[in-house]
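Report on the following structure.
The values are calculated or read from the model by the stated rules, or taken from the named source; none is laboratory data. Computed from a predicted model, the values in this text were never measured in an experiment. Cβ placement follows ideal geometry from the backbone for every residue including glycine, while neighbour counts extend to all protein chains displayed.
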Amino acid sequence: MTRTARAQDAVVGVDLGGTKTNAALIDREGHILRRATSRTPGRGGPGEIVRTVGRLVEQVGRHAHPLGVGVGSAGVIDHVRGEVVSATSVLRDWAGTPIRQVLEQWTGLPVVVDNDVHTHALGELWRGRAREVHSMLLVAVGTGVGASLVLDGEVWHGARHVAGHLGHIVSAYADGRPCVCGGWGHLESVASGPAICAEVARQTGEPVDRLQDVVHAADAGSAIETDALRQGALALGVAVGGVVNLLDPQLVVVTGGVTGAGPSWWTAMDRALRAELLPATRDVPVLDSELGADAALLGAARMAFERTSRV
């Protein structure tokens, strides 16, 4: 619900993904006051991408004088420096981009940046599924496949800012397929939305641009689309089950555009996940996101409020 902006008590949260970029003006209670969205010009390079973010920040923050900006970005992010360490080919030449520095110069506001899946997790921690747990594994499956581990209210970033890149572990279901990171046989190359579309296109010889078209064809009984979705769900479930055994979180949240593929996708994923679990982890709750796409915006806003409290 859109509310009247309270100028002294709001920040801008940004979710910079491989396909689209969302921004919202958000108050301290987590209410979204105003929002805007734009296609991410991934092939246009860093300048175009950051300009898109800057324009969205200006649009949602106009006349509101926000306190700061939080950005969740695709790629490996050095959250201390606010820079992109590395990224896949989805965002051309994104590695090395000093997002925080450029946006602070553009907006004149304090800026904080982290990986977009981590901001999803922070959103669920602040206002969603993880409000009452000490540990959560969040898995996001959409344009890519990522994860975030929350321990005692904090995201675990790892020694090199890489923690959570679930999509780049080897999956038997990927069958040696090329991955956008340059590797082969990774989970992302079978379980992500673009990977599912690519597999259908490979088998049919026809281009497939939208996962929604694959879902519709599967719902109508098409075997190729049904199998591509099922293989992606099984691959994801097996991988997440292994991670649960490794980390033993209280809760697993699965989010992202592919989760909208319907009950059959969820059933296949959940069964594959639970088939991997050790006896002691078999009761782990596996839930969808309470906040949906807004989780990343809220997590980015939470970061911005924390940043501005230290300025």
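Restricting the first member to region 196-207 and to residues that are surrounded by 13 or more Cβ atoms within 10 Å (Cβ to Cβ), and the second to residues that are in a loop (DSSP other than H, G, I, E, B) and of a type outside the set (A, V, I, L, M), the beta-carbon pairs closer than 7 Å and six or more apart or on different chains are CYS197/ASP209; ALA201/PRO207. For the condition under 16 Å from the mean Cα position of the chain (by Cα), closer than 16 Å to LEU25 by Cα and not aliphatic (A, V, I, L, M), GLY70 qualifies. Being of a type in the set (Lys, Arg), closer than 25 Å to GLY158 by Cα and either at pLDDT 95 or above or outside any loop (DSSP other than H, G, I, E, B) (or both) is true of ARG81. Taken together, the criteria place VAL102 among residues that are outside the structural domain of HIS165 (by TED's automatic domain parsing), surrounded by 17 or more Cβ atoms within 10 Å (Cβ to Cβ) and in contact (Cβ under 8 Å) with a residue 24 or more places away in the chain.
Results for (1) at pLDDT below 95; (2) over 24 Å from THR119 (Cβ atoms); (3) small (Gly, Ala, Ser); (4) not assigned by TED's automatic domain parsing to the domain that holds GLY146, shown as yes or no for each residue.
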residue	(1), (2), (3), (4)
GLU199	no, yes, no, no
VAL208	no, yes, no, no
GLY221	no, yes, yes, no
LEU234	no, yes, no, no
LEU246	no, no, no, no
MET269	no, no, no, no
ALA275	no, yes, yes, no
LEU298	no, no, no, yes
ARG302	no, no, no, yes
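For VAL90, the criteria (1) closer than 26 Å to ALA235 by Cβ; (2) in a strand (DSSP E or B); (3) not polar (S, T, N, Q) hold in every case but one, which is (2).
Table: residues versus (1) surrounded by fewer than 23 Cβ atoms within 10 Å (Cβ to Cβ); (2) without any contact (Cβ under 8 Å) to a residue 24 or more places away in the chain.
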{"position": "ALA223", "(1), (2)": "yes, yes"}
{"position": "ALA233", "(1), (2)": "no, no"}
{"position": "PRO249", "(1), (2)": "yes, no"}
{"position": "VAL254", "(1), (2)": "no, no"}
{"position": "ALA268", "(1), (2)": "yes, no"}
{"position": "VAL284", "(1), (2)": "yes, no"}
{"position": "GLY292", "(1), (2)": "yes, no"}
{"position": "LEU298", "(1), (2)": "no, no"}
{"position": "PHE305", "(1), (2)": "yes, no"}
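Here VAL53 qualifies as in contact with a helix residue (DSSP H, G or I) (Cβ under 8 Å, 6 or more places away or on another chain), aliphatic (A, V, I, L, M) and either under 22 Å from ALA140 (Cα atoms) or outside any strand (DSSP E or B) (or both).
Note on region 22-33: residues that are surrounded by fewer than 24 Cβ atoms within 10 Å (Cβ to Cβ) and either outside the structural domain of ALA301 (by TED's automatic domain parsing) or on the phi < 0 side of the Ramachandran plot (or both) total 7. Suppose the filter is out of contact with any Asp or Glu (no Cβ under 7 Å at 6 or more places or on another chain) and outside the structural domain of ALA36 (by TED's automatic domain parsing); does THR259 pass it? So THR259 fails the test.
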